[in-house]
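Visitor: One structure, pasted below without further comment.
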């Protein structure tokens, strides 16, 4: 397959790129700046002829570079892991809307439209609830910053002409070195880990390996379309999530952090840690996808377990 990845230099995009190359797909990385020579060279391997790097400006001048793409995967967007000032909120929303608009414009310029668009999204689409269970059949919310961002992001994806759309509503993606998880694990490395707030808020998460495998699954299975919850089948409460980190590291889980302290420290962004979202990947499971890391204990042993 020929696959273009917008946001392909991020931690999910980089892992996806390697997985696609490993199975001999042709990969086009779209980024703001020139990523340099083709293929991996840091370990003295020859550049991979199946890997191409292009910038948005190059594609604006020559959209035909993407002619014949089987799929476009859009992972581009400003990180939400920053204090939500007015300026940050604007960057977070604008980066997502602009990348979708650019992809739509490029796809419209192609003689042969891509068969598939895989668009990153988030489980914030459902809002927050201490009791509700969210699957893909649930209604979208629009009552806070993130749910509004996700709603408008998914609406922007509608303008991309592709035979099939998949909207990956992603939970917390767990990678040992990148994303939010290293900061989540840091207190335990310092022997100061514990529950956050009540500890009863649900955390919907997915291991980076399963995240990549799920994207490949969506690429390969044409019956998968529409919203897809990209999260493990066994979400965990915050207290259980933290205990699993501590157990895997051989560290204590004893120092709680009150909700008000998180709000003072992080402001509105504290919602990422204090809000409760229990999402289940029913569409992926019904489609036949099987998780390598379905429960948080198994995931933590792989991510931070003592070797």
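Visitor: Kindly provide the set of residues from segment 141-163 that are surrounded by fewer than 18 Cβ atoms within 10 Å (Cβ to Cβ), over 29 Å from residue 1 (Cα atoms) and either touching a residue at least 60 places away in the same chain (Cβ under 8 Å) or touching a strand residue (DSSP E or B) at 6+ places or on another chain (Cβ under 9 Å) (or both), ordered by number.
Guide: 144, 145
Visitor: Please verify whether residue 248 is within 22 Å of the chain's Cα centre (by Cα), buried (at least 19 other Cβ atoms within 10 Å of the Cβ) and either at pLDDT 95 or above or not in a loop (DSSP other than H, G, I, E, B) (or both), treating the condition exactly as stated.
Guide: When the stated conditions are applied, residue 248 does not pass them.
Visitor: Select from segment 1-23 the residues that are at pLDDT below 95 and within 24 Å of residue 110 (Cβ to Cβ) and write down the one among them that is surrounded by the most Cβ atoms within 10 Å (Cβ to Cβ).
Guide: The extreme case among them is 8.
Visitor: Could you tell me whether segment 180-187 includes any residue that is closer than 21 Å to residue 117 by Cα, free of Cβ contacts under 8 Å to residues at least 12 places away in the same chain and out of contact with any helix residue (DSSP H, G or I) (no Cβ under 8 Å at 6 or more places or on another chain)?
Guide: no
Visitor: Scanning for something farther than 30 Å from residue 155 by Cα and part of a helix (DSSP H, G or I), does segment 264-279 turn up at least one residue?
Guide: yes
Visitor: So, in segment 66-84, of the ones that are surrounded by fewer than 17 Cβ atoms within 10 Å (Cβ to Cβ) and touching a residue at least 24 places away in the same chain (Cβ under 8 Å), which residue ends up nearest to residue 8 (Cα to Cα)?
Guide: The selected residue is 70.
Yes/no per residue for (1) without any contact (Cβ under 8 Å) to a residue 12 or more places away in the chain; (2) in contact with a helix residue (DSSP H, G or I) (Cβ under 6 Å, 6 or more places away or on another chain); (3) assigned to a strand (DSSP E or B); (4) under 21 Å from residue 12 (Cβ atoms):
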{"residue": "97", "(1), (2), (3), (4)": "no, yes, no, yes"}
{"residue": "103", "(1), (2), (3), (4)": "no, no, no, yes"}
{"residue": "117", "(1), (2), (3), (4)": "no, no, yes, yes"}
{"residue": "128", "(1), (2), (3), (4)": "no, no, no, no"}
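Visitor: May I pose another question? Residue 132 fails exactly one of the following numbered conditions: (1) buried (at least 18 other Cβ atoms within 10 Å of the Cβ); (2) within 23 Å of residue 229 (Cβ to Cβ). What is the number of that condition?
Guide: Unmet condition: (1).
Visitor: Still on this structure, I have one more. Being part of a loop (DSSP other than H, G, I, E, B) and touching a strand residue (DSSP E or B) at 6+ places or on another chain (Cβ under 6 Å) is the filter; apply it to segment 35-67 and report the residue that is modelled with the highest pLDDT.
Guide: Selected residue: 50.
Visitor: Examine segment 250-268 for a residue that is closer than 17 Å to residue 169 by Cα and without any contact (Cβ under 8 Å) to a residue 24 or more places away in the chain, and state whether such a residue exists.
Guide: Scanning segment 250-268 turns up no residue that is closer than 17 Å to residue 169 by Cα and without any contact (Cβ under 8 Å) to a residue 24 or more places away in the chain.
Visitor: Which one of the conditions (1) more than 22 Å from residue 242 (Cβ to Cβ); (2) surrounded by 16 or more Cβ atoms within 10 Å (Cβ to Cβ) does residue 262 fail to meet, given that it meets all the rest?
Guide: (1)
Visitor: Is it fair to say residue 112 is in a helix (DSSP H, G or I) and over 20 Å from the mean Cα position of the chain (by Cα)?
Guide: no
The values are calculated or read from the model by the stated rules, or taken from the named source; none is laboratory data. Not measured: the values here are computed from a predicted model. Every residue, glycine among them, receives a Cβ derived from its backbone with ideal geometry; neighbour counts consider all protein chains shown.
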